[in-house]
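Structure record follows, encoded as structure tokens.
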Amino acid sequence: MFGLIPQGHPDPRRLMNFEDWPAGVHPLRKDFDIKTKPPRVDGEYIYRRVEGEGVYEIPVGPVHAGVIEPGHFRFSVAGEPIINLEIRHFYTHKGVEKLFENISIDKAVFLAERISGDNSVAHAVTFCQAMEKIAGLDIPPRAKHIRTILLELERIYNHIADIAGIATDVAFSFGAAHANKLKEDVLQLNERVTGSRLLRGMNTIGGVRRDIGGSKDEILLSLSIIQRDFRKLMEHLSSTPSLMDRIETTGRLYNDIAKGLHVVGPVGRASGIDRDMRRDHPYAAYSEFNFKVIVSKAGDVHARTIVRADEVCESVGLIEQALWSLPEGDIRVKVDKIPDGYALGICEAPRGETIYWIRTSGNKIERCKVRDPSFCNWLSIEYAVLDNIVPDFPIINKSLSLSYSGNDM
């Protein structure tokens, strides 16, 4: 993207620009016009091949059933066990980092919200935090509490959706239906609180655009019902032998591999990595509240499911604390101009650490580097599937909750 070539890199193949992209054209350099459509050239990507008697390849994608985005998975198998997997993404790379340089600061937060649609709040908060550091702003206490509430609502519906997906992929339709119903309950609560099912349009540089809707008692009652029904669902899932047989010991991501890949979020915590930005580098109002960071060592699909389930309950507790202690006062600090400077914003999104590094100049964004957690975690699937059977790939994939959009930005 910049034309930089790492010395001694073990895999010199292209990552983002495909082989038909002309040499010498670097889209993130300042002299590249975003409206330019470079001519295509001939080129071929060489996949790793596993040789041996009885070994054959199963190519999957990049076009998939349904509405998910494109990605190529090339399996090498001996019978049913997977002995190698190579993934290829960036079919829909959107040039988001370049787009940040070509829009006004006021509109940039809306772009951040749309990088990974189901992590809209996390991306918006991380962007705003970086900009607020550059401007030397300390947002009002009420705004910090509201951001915390929004972030945890986002975590709840994402985790429940992931559990629903796992139940779907093991053909446990009863559990999937109940989980999807609970997800819908949370989305409807989101709409009552913010006017948006995906919690969009709330965050802005300097705080939040508007106050939360509905009374505290109404929100707390809705959360208590959701938590009660969710606990019943998890009890039912954990007592269903057909489901447990599919997820226990399946898709193990061992601690040393997870650490070596710098895996983040619930996937990392399910593999024994005790790291959570809410605790380790507190932001919003997290330093004021008590919560437990859920960690497991098993590293399998079951562990990732339990980590998410326990995090749902912790998130409910965080929202309750934020509502009980919600201070009165302003929700936003007025920002007239962003000074020249640079800063880092970090947030623990539902999938893990989201990071923005931003440099400003002349009240514009000169450079914005975004790292979505899925960029760190996608490679883990190549290791988690090894020695598992091909029919278990969808379950493993869903348990990792990887975003195509967050990666292909």
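None of the figures in this text is laboratory data; all of them are computed from the coordinates on show. None of these values were measured; they are calculated from a predicted model. Positions of Cβ are generated from backbone atoms using ideal geometry, with glycine treated the same way; all protein chains shown enter the neighbour counts.
With springs only between Cα atoms under 10 Å apart, run a GNM on the chain and tell me which of 389, 219, 34 wobbles the most.
34
Could you give log10 I(q)/I(0) at q = 0.11 Å⁻¹ for segment 128-285, computed by the Debye formula over C-alpha point scatterers of equal weight, without solvent?
Once normalised to I(0) and log-transformed, intensities are -0.59.
Quick one: what does P(r) look like for segment 83-195 with 5 Å bins over all Cα pairs, in whole %?
Spelled out per bin, shortest first, that is 2, 10, 14, 17, 15, 15, 13, 8, 5, 2, 0.
Charges on Cβ only, +1 for Lys and Arg, -1 for Asp and Glu, centred on the Cα centroid of segment 1-46; of 32, 4, 45, which one is farthest towards the dipole's positive end?
Result: 32.
Could you list, bin by bin from short to long, the percent of Cα-Cα pairs of segment 222-344 in 5 Å steps?
The percentages, shortest bin first, are 2, 9, 14, 15, 16, 15, 11, 8, 5, 3, 2, 0.
For segment 341-400 and segment 229-254, write down the distance between their C-alpha centroids in whole Å.
Here the answer is 26 Å between Cα centres.
Dividing the convex hull volume of the Cα atoms of segment 97-407 by its residue count, what figure in Å³ per residue is obtained? The partial results should precede the final answer.
Working: hull volume 36.0 nm³, N = 311.
In segment 97-407, the Cα convex hull volume per residue is 116 Å³.
Sequence-distant or interchain residues sharing an amide H contact under 5 Å with residue 353, placed H: which?
Result for residue 353 returns 265.
If eta is 0.692 mPa s and T is 37 °C, what Stokes-Einstein diffusion coefficient results for segment 1-46, Kirkwood Rh from Cα pairs, in µm²/s? Please report the intermediate quantities before stating the final value.
Details: Rh = 11.9 Å.
Reported coefficient: 275 µm²/s.
log10 I(q)/I(0), Debye, Cα-only segment 1-146, no solvent, q = 0.09, 0.12, 0.17 Å⁻¹?
Taken in order of the listed q values, log10 I(q)/I(0) reads -0.48, -0.78, -1.16.
Obtain the radius of gyration and the Kirkwood radius of segment 289-409 from its C-alpha atoms and give Rg over Rh.
Working: Rg = 19.3 Å, Rh = 17.9 Å.
Rounded to two decimals, Rg/Rh equals 1.08.
What order do you get for 338, 225, 46 when you list them from fewest to most C-beta neighbours inside 10 Å?
With the fewest neighbours first, 338, 225, 46 line up as 46, 225, 338.
Could you tell me the distance between the Cα centroids of segment 63-90 and segment 1-20, to the nearest Å?
Using only Cα atoms, the two centres lie 22 Å from each other.
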